[in-house]
Amino acid sequence: MKANKIILLIGAVSVLLMTSCQDDFLNEQPISNLTPENYLNQESDLASYTTNLFTEFDVFPTEGNPFAADRGTDVMTNRGVENKYVPGQWKVPQKEGDWNFKLIYQCNYFLQTVLPKYYEGKISGDIESVKHDIGEMYMIRALLYFKKLQNLGDFPIITTTLPDELTALTAASQRSPQTEVARFILADLDSAIAKLKTVAPDGNRNRLSKMSAQLFKSRVALYEATWLKYFKGTAFVPNGPGWPGANKDYNKNYTFKSGSIDGEIAFFFSEAMISSKVVADATPLVANNMVIQQKLSDPVNPYCAMFGDVDLSPYSEVLFWRRYDLALKVTNNIAVEMGKGNGGCGYTRGMVDGFLMSNGLPIYAPGSGYAGDDMISQVRRDRDGRLFLFLKEPKQINILKDSPAGTHATPIEPYPDILNKTGNGDYPTGYSNRKGLSYDAALCGNGLGYTGEIIFRGVEAYLNYMEACYEMNGNLDADALKYWKAIRTRAAVDDDIQKTIDATDLSKEAANDWGVYSAGTMVDATLYNIRRERRCELMAEGLRNMDLRRWRAMDQMITTPYHIEGFKLWGPMQEWYNATDLKYNAGNSSTVSDPALSDHLRIFQRLETSLLYDGCRWTMAHYWNPIANEHFLITSEDFTDPEKSPIYQNPGWPTTANSGPIGF
């Protein structure tokens, strides 16, 4: 019974393999009920397994609306309170959480079953397609492990299915240091790169490709390099002071493969540069003509259309994307949300103010020409083309092609509904996103949308190379400068990068951008502007939380709370609303924040009872997620003492369920 209990609760390493237990959960077979003897013997089986597995998990930051995926950061917010910014409110869960191996098991089942057959020539079908299928599975496992790396750091590396045996399962719970996990991911990606086709089998980039794996490899390597650099000397890196792994015999004498943490940092930065350069050199950026279509006769802007088109295969920059199909009832609500308030998620003032002017100067710099933010039209004037294109303005045309199916279409952009009076068109900050908008009303029926969704975009390789190059060498080489100028030229911003750097005042940028900081200290102006470029280009695409964590960019909020702001309500834009509807200091009847606090809307200071009323705060423990209490108990020697488990908790978190970080 103890063995069965451990298998059931651990989630876990061999949970799908067992057939001896009567529990249906333990009897579940991966993907199908077919046995290895009569399945995975032909290429079509392999392709079906890998593509079906993509439907069973979401390692991508879409969360229902891909263009609201940066919410809960300094880029975007909705009205919901993120407990991670309220130390003491985020608790250790009793069960489940990130400590789960089900999908990793399915990857291991496939590779353990298929690889022997492949090497023995026992899989029928086109050999190149068989290799591609295997490559996809290596990359899927890498995607899953990267999510574990980001959320938990140290994590067990498991490459095989395991027997229903207590000792083996407990041993498999031993956490490998994060550097080993990152190297394991890179090794899987190398295996994927060696086998994946240059052009995905469908020809439309709806399946993975060699270039997708190269890009993802650069992301993983850059993540680990920057994490190690900025958390060096803390409990969040192997062998750092207070590292909990040192308390377990199996990790106490850990040695970095490069000989030192500095060697590891250099290794991962180098890998990031190599991989990103391959992709950047092979991926031309999609053109931007700076046109926002307002009538059908206007020329299409490929840069804008790339985010809201049905078929993304023509766009060179899109390396991997999800196709939706109305006929198959595989649909989304992206076009509906983009026509309104982006699913109740708006840009912050900090995001908007962080954009440069088109002349390359920050808005506060002498001679910038900044028109101010009394009106959204002024905010957009002569700015970085990405702000001009992707920040909505009232009275813009949202629909150019009418359709009776467009029951939820918003033909003309309204004044932002900051009061959320309708309940389905909330504009919480007053600033709303246009990235992903479709002009076709046929895509704006509830649950009837089928615009494509970008998963990997080639411009990330440009940004990854720039950052890795500067972090590793302290300067920008010719390739990094070339990539940076290409991004700025496409954004219709003066490509004189040094002019921007010289005009940057980090003390002013700190009011806009958490990326000014690493470990509570301001970075230099060049590195900050590399981070600024990344933030502006990838805005609303779901990578911001990862970046803030790997940069260790929230330490300053341990002592200095940060207030999220929206547009300048208390100026001419207040005339967009009935004065009687703008209530403040009225208890639960308040609809907006007090102008005495700020001219800009502060949605978390509308009510004094808000957990974020005094601002967003931070605690070091929140850089990683806690491991649930049950996993310590079921792997402990006596099922009661967490200290007797091979698993150790992440820094700052207790093992007791429903408890906040230690000290809160």
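The values are calculated or read from the model by the stated rules, or taken from the named source; none is laboratory data. Everything numeric in this text was worked out from a predicted model, so none of it was measured. Please note: Cβ atoms are built from the backbone with ideal geometry, for glycine as well, and neighbour counts cover all protein chains shown.
Residues that are surrounded by fewer than 18 Cβ atoms within 10 Å (Cβ to Cβ), basic (Lys, Arg) and out of contact with any strand residue (DSSP E or B) (no Cβ under 6 Å at 6 or more places or on another chain): does the range 273-293 have at least one?
no
Between residues in the range 284-308 that are closer than 14 Å to ALA492 by Cα and residues that are loosely packed, with under 12 Cβ neighbours inside 10 Å and among the polar types (S, T, N, Q), which pairs lie under 9 Å by C-beta distance while being six or more apart or on different chains?
Nothing qualifies.
Looking for whichever is assigned to a loop (DSSP other than H, G, I, E, B), aromatic (Phe, Trp, Tyr) and in the same structural domain as ALA511 (by TED's automatic domain parsing) here; the options are TYR584, TYR648. Which one fits? Break it down into steps so the answer makes sense when it comes.
Numbers: TYR648 fails: in the same structural domain as ALA511 (by TED's automatic domain parsing).
After ruling out the rest, the residue left standing is TYR584.
Among the candidates PRO428, PRO394, which residue alone is in contact (Cβ under 8 Å) with a residue 60 or more places away in the chain and under 27 Å from the mean Cα position of the chain (by Cα)?
It is PRO428.
Any idea which of (1) at pLDDT 95 or above; (2) surrounded by 19 or more Cβ atoms within 10 Å (Cβ to Cβ); (3) out of contact with any Cys (no Cβ under 7 Å at 6 or more places or on another chain); (4) on the phi < 0 side of the Ramachandran plot is the one GLY652 doesn't satisfy?
The single condition GLY652 does not satisfy is (4).
Identify the single condition in (1) of a type in the set (D, E, K, R); (2) surrounded by fewer than 20 Cβ atoms within 10 Å (Cβ to Cβ); (3) not assigned by TED's automatic domain parsing to the domain that holds PHE307 that LYS485 does not satisfy, given that it satisfies every other one.
(3)
Could you pull out every one of the helices (runs of 4 or more DSSP H) wholly within the range 451-511 that has 3 or more residues that are touching an Asp or Glu at 6+ places or on another chain (Cβ under 8 Å) and hydroxyl-bearing (Ser, Thr, Tyr)? Write out each step before concluding.
Values: elements: 459-473, 478-490, 497-503, 506-509.
Those helices (runs of 4 or more DSSP H) do not exist here; none qualify.
Exactly one of these conditions fails for ARG323: (1) surrounded by 15 or more Cβ atoms within 10 Å (Cβ to Cβ); (2) in contact with a Lys or Arg (Cβ under 8 Å, 6 or more places away or on another chain); (3) charged (D, E, K, R). Give me its number.
(2)
Determine if the range 309-316 includes at least one residue that is within 22 Å of ALA441 (Cα to Cα), of a type in the set (Phe, Trp, Tyr) and assigned by TED's automatic domain parsing to the domain that holds THR407.
Checked the range 309-316: no residue is within 22 Å of ALA441 (Cα to Cα), of a type in the set (Phe, Trp, Tyr) and assigned by TED's automatic domain parsing to the domain that holds THR407.
State which residue pairs qualify: first residue assigned by TED's automatic domain parsing to the domain that holds MET137 and closer than 15 Å to ILE157 by Cα and inside the range 105-119, second residue of a type in the set (A, V, I, L, M) and part of a helix (DSSP H, G or I) in any location, beta carbons under 8 Å apart, and separation of 6 or more residues or different chains.
Correct list of pairs: GLN106/LEU53; CYS107/LEU53; CYS107/MET137; CYS107/ILE140; CYS107/LEU144; LEU111/ILE134; LEU111/MET137.
Take the residues of the range 508-524 that are in contact (Cβ under 8 Å) with a residue 12 or more places away in the chain and surrounded by fewer than 18 Cβ atoms within 10 Å (Cβ to Cβ): which is nearest to GLY72 (Cα to Cα)?
That would be ALA511.
Go through the range 596-615 and report how many residues are in contact with a helix residue (DSSP H, G or I) (Cβ under 7 Å, 6 or more places away or on another chain) and not in a loop (DSSP other than H, G, I, E, B).
0
Kindly list the number of the only condition in (1) among the small types (Gly, Ala, Ser); (2) surrounded by 15 or more Cβ atoms within 10 Å (Cβ to Cβ); (3) touching a residue at least 40 places away in the same chain (Cβ under 8 Å) that fails for GLY240.
Among (1) among the small types (Gly, Ala, Ser); (2) surrounded by 15 or more Cβ atoms within 10 Å (Cβ to Cβ); (3) touching a residue at least 40 places away in the same chain (Cβ under 8 Å), GLY240 violates only (3).
If we keep just the residues of the range 621-645 that are aliphatic (A, V, I, L, M) and either without any contact (Cβ under 8 Å) to a residue 24 or more places away in the chain or part of a loop (DSSP other than H, G, I, E, B) (or both), which is farthest from SER593 (Cα to Cα)?
LEU633
Scan the range 606-644 residue by residue and report those that are more than 16 Å from LEU166 (Cα to Cα) and among the basic types (Lys, Arg).
Correct list: ARG606, ARG617.
Looking at the structure I just gave you, is LYS122 in a helix (DSSP H, G or I) and surrounded by fewer than 22 Cβ atoms within 10 Å (Cβ to Cβ)?
no
Considering only the range 468-491, state which residues are more than 24 Å from LYS229 (Cβ to Cβ) and in contact with a helix residue (DSSP H, G or I) (Cβ under 8 Å, 6 or more places away or on another chain).
Within the range 468-491, LYS485, ALA486, ARG488, ARG490, ALA491 qualify.
Looking for whichever is on the phi > 0 side of the Ramachandran plot, out of contact with any Lys or Arg (no Cβ under 9 Å at 6 or more places or on another chain) and not β-branched (Val, Ile, Thr) here; the options are GLY367, GLY344, GLY339. Which one fits?
Of GLY367, GLY344, GLY339, the one residue that is on the phi > 0 side of the Ramachandran plot, out of contact with any Lys or Arg (no Cβ under 9 Å at 6 or more places or on another chain) and not β-branched (Val, Ile, Thr) is GLY367.
Considering the range 397-425 alone, what residues qualify as being in contact (Cβ under 8 Å) with a residue 60 or more places away in the chain, assigned to a loop (DSSP other than H, G, I, E, B) and of a type in the set (A, V, I, L, M, F, W, C)?
Hits for the range 397-425 are ILE399, LEU400, ALA409, ILE418, LEU419.
Could you list, in sequence order, the residues of the range 162-178 that are at pLDDT below 90 and out of contact with any Lys or Arg (no Cβ under 7 Å at 6 or more places or on another chain)?
Within the range 162-178, LEU162, PRO163, ASP164, GLU165, THR167, ALA168, LEU169, THR170, ALA171 meet the criteria.
Step by step: first the residues of the range 571-581, then only those that are assigned to a loop (DSSP other than H, G, I, E, B) and not polar (S, T, N, Q), then the one that is surrounded by the fewest Cβ atoms within 10 Å (Cβ to Cβ). Which residue is that?
Restricting to residues being assigned to a loop (DSSP other than H, G, I, E, B) and not polar (S, T, N, Q), the top hit is GLY571.
Kindly indicate whether TRP618 is part of a loop (DSSP other than H, G, I, E, B) and buried (at least 20 other Cβ atoms within 10 Å of the Cβ).
yes
Give the residue, chosen from ALA235, ALA266, that is out of contact with any Gly (no Cβ under 9 Å at 6 or more places or on another chain), at pLDDT 95 or above and more than 21 Å from LYS482 (Cα to Cα).
Values: ALA235 fails: out of contact with any Gly (no Cβ under 9 Å at 6 or more places or on another chain).
Of ALA235, ALA266, the one residue that is out of contact with any Gly (no Cβ under 9 Å at 6 or more places or on another chain), at pLDDT 95 or above and more than 21 Å from LYS482 (Cα to Cα) is ALA266.
Return the only residue of GLN106, GLN94 being within 30 Å of TRP624 (Cα to Cα), assigned to a helix (DSSP H, G or I) and in contact with an Asp or Glu (Cβ under 8 Å, 6 or more places away or on another chain).
Among GLN106, GLN94, only GLN106 is within 30 Å of TRP624 (Cα to Cα), assigned to a helix (DSSP H, G or I) and in contact with an Asp or Glu (Cβ under 8 Å, 6 or more places away or on another chain).
For the range 68-110, which positions are surrounded by 20 or more Cβ atoms within 10 Å (Cβ to Cβ) and over 30 Å from ALA553 (Cβ atoms)?
Across the range 68-110, the qualifying residues are PHE101, TYR105, GLN106, CYS107, ASN108, TYR109, PHE110.
Between residues in the range 470-488 that are at pLDDT 95 or above and residues that are buried (at least 18 other Cβ atoms within 10 Å of the Cβ) and not in a helix (DSSP H, G or I), which pairs lie under 7 Å by C-beta distance while being six or more apart or on different chains?
Pairs that qualify, where the first residue is at pLDDT 95 or above and the partner is buried (at least 18 other Cβ atoms within 10 Å of the Cβ) and not in a helix (DSSP H, G or I), are TYR470/LEU476; ALA486/LEU285.
Restricting attention to the range 564-572, does a residue exist that is more than 30 Å from MET466 (Cβ to Cβ) and free of Cβ contacts under 8 Å to residues at least 24 places away in the same chain?
Within the range 564-572 (the criterion being more than 30 Å from MET466 (Cβ to Cβ) and free of Cβ contacts under 8 Å to residues at least 24 places away in the same chain), the answer is no, since none of the residues qualifies.
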